[in-house]
Amino acid sequence: MASNMQVSVESLEGLQRKITVEVPATRIDAAVSERLKSLSKTVRMDGFRPGKVPLKVVQQRFGTQVRQEVLGDVIQSSFREAVVEEQLNPAGMPQIEPLPQAGEATFRYSATFEVYPEVALGPLAELEIERAQAQVGDGDVDTMLESLRKQRTEWSPVERAAQNGDRLLIDFAGFADGEPLENANAERYHLELGAGQLIPGFEDQLLGARAGEERQIDVQFPDDYRPQDLAGKAARFTVKVHAVEAPTLPELDQAFAASFGVSEGGVAALRDKVRANMERELRQALRTRLKVQVMDALLAANELLLPEALVREEVARLQRQHSQGAGTPPADEPFLEEARRRVKLGLLIAEIVKANDLKAEPDRVRDTIEELAAPYEDPGQVVNYYYGNKELLSSVEAMVLEDQVVDWVLGQARVTEVEQPFEQIMKPQPPAAAGDDT
């Protein structure tokens, strides 16, 4: 070890290690002397010409400061040497503490830190994973076209009583035990009857209402309602109906197709475009669902001690993402479980990549970029932009590498193909126990 440095290692609880380092005083003295000599050539002091300040004067003036700077540098360099020599892999920054000196021959300090755990992947042969398969059928395209028509709905006032599918323009205010409820009132609110926009029972009691009518309706907030202080509470709402509007959907014709940028081919070309978009979204949804299953399987098959330093860093990252710089960052607790999941997955994925010498395959990177670029007006320009931006390209390579890890796990596990309807795949999935992000 360099300069006869002495190191002892102590294993503390879990992944914590404490090393004690003794650095020969000659190493420090030599570095201080060298720095003072260098300083004497550049320092400016009254009464002396530049570069002619006597070394003894420089030492008297700057000696304490220079020694502190050298000690900081020596601690950094000797710590790096020590962990390499002892084959330790620190996770997070060490806690440095100078120790009482046994004499003038050495400088002693301790460094306490966590190390990365040894990752030994558990057997995956018994893991059972269902790989969903789905197709975009003609009926699915019909449903999507109908949804697009509804997005272009035009509303017209009517004089008749309100019915399901109509839209009401209302004011409402909620009361419980005769007292006004906070955050339970609105003015000029558009409510589509039958859409389930408000709490159960609210819309049903407005069926048959007419423009200009006032009603009182009684409802009960669901037990899982947020904010919690309203959960399960009975309430009465006063509702003023300003207007009843009936929907008119556009015809599925050439003009409708043109409104979505389809200038030639009419409705048939629009159907082809919609189907292509749906198939691309389906591929992404199937891939995401499979990835979540694989990552959950990896987590379940492997027990791992986690460096708390890495967990804290991940919590801080999640807090920054959540607050986006606005106001006081949220508390740690809501993010701890997800942070632990992410750190554990990161360690497992890194081990698989290392053990199998995986690298992002260029063809898969190209395919992924082309798929990301496909929805844009000029996909070729977007592809070139990705390849011209190192940060974006690295993010895609990381995505591809994760996909290759998924493929590797699938090659070890027992996989069953399961056919499912398109709409079931595309429904939003409930989050995994600790979040779906990796």
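The values are calculated or read from the model by the stated rules, or taken from the named source; none is laboratory data. Everything numeric in this text was worked out from a predicted model, so none of it was measured. Here the Cβ is made from the backbone with ideal geometry for all residues, glycine too, and neighbour counts use every protein chain on show. To get the accessible areas, we keep the full protein, side chains included, count just its heavy atoms, and leave off ligands, DNA and RNA. Shrake-Rupley method; radii C 1.70, N 1.55, O 1.52, S 1.80 Å.
Segment Asp171..Ala25, full-extension length gain: 44.5 nm, with 0.36 nm per residue of separation and the alpha-carbon distance subtracted. Taking θ as phi - 60° and the Karplus parameters 6.51, -1.76 and 1.60, the scalar couplings of the range 161-172 work out to 6, 5, 9, 3, x, 6, 10, 10, 9, 9, 10, 8 Hz in sequence order, x denoting glycine and proline. With R₀ set to 30 Å, the beta-carbon distance separating Thr42 from Glu85 gives a calculated FRET efficiency near 0.25. Counting only protein heavy atoms and using a 1.4 Å probe, the accessible area of Phe107 comes to about 30 Å². Rg and Dmax over the alpha-carbon atoms of the range 1-100 stand at 17.7, 60 Å.
The fraction of all Cα pairs in the chain landing in successive 20 Å bins from 0 to the largest distance is 15, 33, 31, 15, 5, 0, given as whole percents. In this rough spin-label picture, where each label sits 7 Å from Cα along the Cβ direction, the Gln16-Val158 distance is 7.1 nm. Rounded to the nearest 20, the Cβ-based charge dipole of the chain about its Cα centre (Lys and Arg +1, Asp and Glu -1) stands at 2540 debye.
Helix-only arithmetic for the chain: the sum of -39500 (n - 2.57) across DSSP H runs with n ≥ 4, divided by the residue total, places the mean residue ellipticity at 222 nm at -14500 deg cm²/dmol.
Residue by residue, the range 408-414 carries 3J(HN,Hα) couplings of 4, 5, 4, x, 9, 8, 9 Hz when phi is fed to the Karplus relation 6.51 cos²θ - 1.76 cosθ + 1.60 (θ = phi - 60°); x denotes Gly or Pro. With 0.36 nm allotted per residue and the present C-alpha distance subtracted, the Asp229-Ala276 stretch has 12.3 nm of extension available. The slack in the chain from Leu121 to Lys150, taken as 0.36 nm per residue of separation less the alpha-carbon distance, amounts to 5.4 nm.
Annotation: amide H of Val43 within the under-5 Å range of Gly51, sequence separation 5 or more or interchain, hydrogens built in the peptide plane.
Sorted by packing (mean other beta-carbon atoms within 10 Å per residue), highest first, where do 395-402, 46-53, 219-226 land? Intermediate values should be presented prior to the final figure.
On the way: 395-402: 17.5, 46-53: 10.1, 219-226: 13.2.
Answer by packing, highest mean first, reads 395-402, 219-226, 46-53.
In the range 390-431, which residues have a backbone nitrogen under 14 Å from the label point lying 7 Å from Ala132's Cα in the Cα-to-Cβ direction? Answer for the range 390-431: 417-431. Between Asn384 and Glu251, how high is the FRET efficiency from 1/(1 + (r/R0)^6) when r is the Cβ-Cβ distance and R₀ = 41 Å? Nearest 0.05. The computed FRET efficiency comes out at 0.55.
Shape summary: the range 199-350 maps onto an equivalent ellipsoid whose semi-axes, from the alpha-carbon gyration tensor, are 43, 34, 15 Å in decreasing order. Relative contact order, whole percent, for the range 186-326 stands at 12, derived from Cα pairs under 8 Å and 6 or more residues apart.
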